[in-house]
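Please read the structure below before turning to the comments.
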Amino acid sequence: MVCPEFSHPQSSSPMAKPRNRSFWCLPDAFLVFGVAFLALLLVASFWSFFTPTPNFEPTVTVPPSKLSMNPVDCSESGFGVNLKSDPKDPTFYDDPEMSYSLEKPVKDWDQKRAEWLKHHPSFAAGARERIVLVTGSQPKPCKNPIGDHLLLRFFKNKVDYCRIHGYDIFYNNLLLHPKMGSYWAKLPVVKAAMLAHPEAEWIWWVDSDALFTDMEFKLPLERYKNHNLVVHGWPKLIYEKKSWTSLNAGVFLIRNCQWSMDLINTWSSMGPMSKDYEKWGQIQRLTFKDKLFPESDDQSALVYLLYTEKEKYYDHIYLEGEFYFEGYWVEIVGGCENTTERYLEIERGAPKLRRRHAEKVSEQYAAFREAFLKEAGNGKGSWRRPLITHFTGCQPCSGDHNLMYAGESCWNGMVKALNFADNQVLRKYGFVHSDLHDSSTVTEIPFDYPADEGPW
């Protein structure tokens, strides 16, 4: 089943209306008295001017444009959620039996999460589309001399994407379970993030060696409304080819619900925390003939669950293959310049896309652009920007890499992809990297460049 979604009714407040005032004419008999009274007021006003009464109340000048707006609750954030309210009503956080650890499964999570949202109604509105992006890296400095710098830029890229789309982000650089290292380290972090963020419907794991290369594109969440896990994958490769690379577990979107808690519990039972870890490695190698290494890994484990328990899992897992949910960097990096030129060509003929605008309204321009990308295609051979470029086989921190290609091609490819993505952000600030191969280059963009000239 699909885990329950939450909504919150919208409310509105009536606007104040000005009252009419009536005026009366005074009879002549009171004229003298009126003049004397006005004189007395004039003297009093001069006295208060020279001896003012202390005012201990704050004075706020309200711009005229704001006078007709509804009152603003200063306790709310810019996203309309109350960050200063945590009622005393007991929730799962007050249950001493609850645990963030993988060893202790969570039960009745849907009810617990719904109860928390009931006590925090400002978070209930929009909960169905709220995403927390989770990523991380190792707890120690990198062996690769440029590894820490690359990881910083990969993280900056994710922060940029989240800022543009209003997502929260959590970066972890600790092993939350001492035995669950390497590619298994993500599962304890994802479970902890689900408990730490009951306001979020989705947790989006993105590996440290993956970066966003289309800063405008948003996930089509409506497409996933009947599913609880989204990964980049191909059913034919799972059920016909039985390949351990039939999906990629380095990037996945998982719904914050009981089904997902149960999946993480089953999934992690094939990892190093299990006494059967070595056995699971043997089973995976026997099942997937193209798997060359003996250890049980998270990706093979997920493919194994889909392959052996199709009835239980397949209907709940969306294998996204219609766009680069994550794409192999070797297929992508060489086309960055062509993609840049094609997008600029679109802008030359579409003045509204060339218009300078605030970063906060970037999604509107992404919607404008979609009408011009119908012929761009998706995936390999497309000139559409890939959502995520994944440097599978390249390890920026250790410096290790697949022997299919040289290490320099990994690092140079990373720099190029990072600059390609960074240009999409920097344009909102008036600058770009003029050379995708050189991060130090910078060119200022004219505030309104001619239609027949690109800024870079």
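The values are calculated or read from the model by the stated rules, or taken from the named source; none is laboratory data. Quick caveat: nothing in here was measured; it's all calculated off a predicted structure. Because the Cβ atoms are built from the backbone with ideal geometry, glycine has one as well, and the counts that use them run over all protein chains shown. Areas reflect the complete protein model, heavy atoms only, side chains present, ligands, DNA and RNA absent. Shrake-Rupley method; radii C 1.70, N 1.55, O 1.52, S 1.80 Å.
Can we say LEU306 is outside the structural domain of GLU375 (by the TED database) and open to solvent by 60 Å² or more (accessible area, probe 1.4 Å)? Before the answer, list the steps.
Values: outside the structural domain of GLU375 (by the TED database): yes; open to solvent by 60 Å² or more (accessible area, probe 1.4 Å): no.
Criteria not met by LEU306.
Would you be able to say whether some residue in the range 339-348 is basic (Lys, Arg), over 22 Å from PRO220 (Cα atoms) and surrounded by 13 or more Cβ atoms within 10 Å (Cβ to Cβ)?
Initially, the range 339-348 is screened for residues basic (Lys, Arg), giving 342, 348.
After this cut, where a residue has to be over 22 Å from PRO220 (Cα atoms) as well, the list is 342, 348.
Of the ones still in play, those that are also surrounded by 13 or more Cβ atoms within 10 Å (Cβ to Cβ) are 342, 348.
Looking for residues that are basic (Lys, Arg), over 22 Å from PRO220 (Cα atoms) and surrounded by 13 or more Cβ atoms within 10 Å (Cβ to Cβ), one finds at least one in the range 339-348, hence yes.
Checking TRP244 against (1) in contact with a helix residue (DSSP H, G or I) (Cβ under 8 Å, 6 or more places away or on another chain); (2) open to solvent by less than 50 Å² (accessible area, probe 1.4 Å); (3) not in a helix (DSSP H, G or I): exactly one of these is not met. Which one?
(2)
For the range 252-284, what are the residues that are in contact (Cβ under 8 Å) with a residue 60 or more places away in the chain and charged (D, E, K, R)?
ARG255, ASP262
Residue under question is LEU302, and the condition is that it be closer than 30 Å to GLY413 by Cβ and free of Cβ contacts under 8 Å to residues at least 40 places away in the same chain; does it hold? Please lay out each step first, then the result.
Details: closer than 30 Å to GLY413 by Cβ: yes; free of Cβ contacts under 8 Å to residues at least 40 places away in the same chain: no.
It is false that LEU302 is closer than 30 Å to GLY413 by Cβ and free of Cβ contacts under 8 Å to residues at least 40 places away in the same chain.
For the range 415-435, name all the residues that are open to solvent by less than 10 Å² (accessible area, probe 1.4 Å) and more than 21 Å from the chain's Cα centre (by Cα).
VAL432
Report yes if GLY147 is over 14 Å from the mean Cα position of the chain (by Cα) and farther than 24 Å from PRO272 by Cα, otherwise no. Explain how you work it out, then say what you get.
Values: over 14 Å from the mean Cα position of the chain (by Cα): yes; farther than 24 Å from PRO272 by Cα: yes.
Here the answer is yes, as GLY147 does meet what is asked.
Being open to solvent by 40 Å² or more (accessible area, probe 1.4 Å) and at positive phi is the filter here, so list the residues in the range 399-414 that pass it.
none
Working carefully through the options TRP259, TRP280, find the one that is over 16 Å from the mean Cα position of the chain (by Cα), of a type in the set (Phe, Trp, Tyr), within 18 Å of ASP315 (Cβ to Cβ) and not in a loop (DSSP other than H, G, I, E, B). Spell out how you get there, then give the answer.
Details: TRP280 fails: within 18 Å of ASP315 (Cβ to Cβ).
Checking each option against the conditions leaves just TRP259.
Please enumerate the residues belonging to the range 284-321 that are under 30 Å from the mean Cα position of the chain (by Cα), outside any helix (DSSP H, G or I) and of a type in the set (A, V, I, L, M, F, W, C).
Passing the criteria: ILE317, LEU319.
Here is a yes/no grid of residues against (1) touching a residue at least 12 places away in the same chain (Cβ under 8 Å); (2) touching a helix residue (DSSP H, G or I) at 6+ places or on another chain (Cβ under 6 Å); (3) not in a loop (DSSP other than H, G, I, E, B):
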| site | (1), (2), (3) |
| --- | --- |
| VAL330 | yes, no, yes |
| GLU345 | no, no, yes |
| HIS357 | yes, no, no |
| GLU363 | yes, no, yes |
| ASP422 | yes, no, yes |
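I'd like to know if the range 372-386 contains one or more residues that are basic (Lys, Arg), in contact with a Gly (Cβ under 9 Å, 6 or more places away or on another chain) and assigned to a loop (DSSP other than H, G, I, E, B). Walk me through how you get there before you give the answer.
Taking the range 372-386 as the starting set, the residues that turn out to be basic (Lys, Arg) are 374, 380, 384-385.
Among the residues that remain, those that are also in contact with a Gly (Cβ under 9 Å, 6 or more places away or on another chain) are: 380, 384.
Those left that are additionally assigned to a loop (DSSP other than H, G, I, E, B): 380, 384.
So far as the range 372-386 goes, yes, one or more of its residues are basic (Lys, Arg), in contact with a Gly (Cβ under 9 Å, 6 or more places away or on another chain) and assigned to a loop (DSSP other than H, G, I, E, B).
From the list GLY399, GLY413, which residue is assigned to a helix (DSSP H, G or I) and touching a helix residue (DSSP H, G or I) at 6+ places or on another chain (Cβ under 7 Å)?
On the way: GLY399 fails: assigned to a helix (DSSP H, G or I).
Of GLY399, GLY413, the one residue that is assigned to a helix (DSSP H, G or I) and touching a helix residue (DSSP H, G or I) at 6+ places or on another chain (Cβ under 7 Å) is GLY413.
Taking SER274, is it small (Gly, Ala, Ser) and not in a helix (DSSP H, G or I)? Outline the logic, then answer.
Values: small (Gly, Ala, Ser): yes; not in a helix (DSSP H, G or I): yes.
So SER274 passes the test.
Do you know which residues across the range 352-375 are of a type in the set (A, V, I, L, M) and exposed (fewer than 15 other Cβ atoms within 10 Å of the Cβ)?
Going residue by residue through the range 352-375, those that are of a type in the set (A, V, I, L, M) are 353, 358, 361, 366-367, 371, 373.
Residues satisfying the conditions are ALA358, VAL361, ALA367, ALA371.
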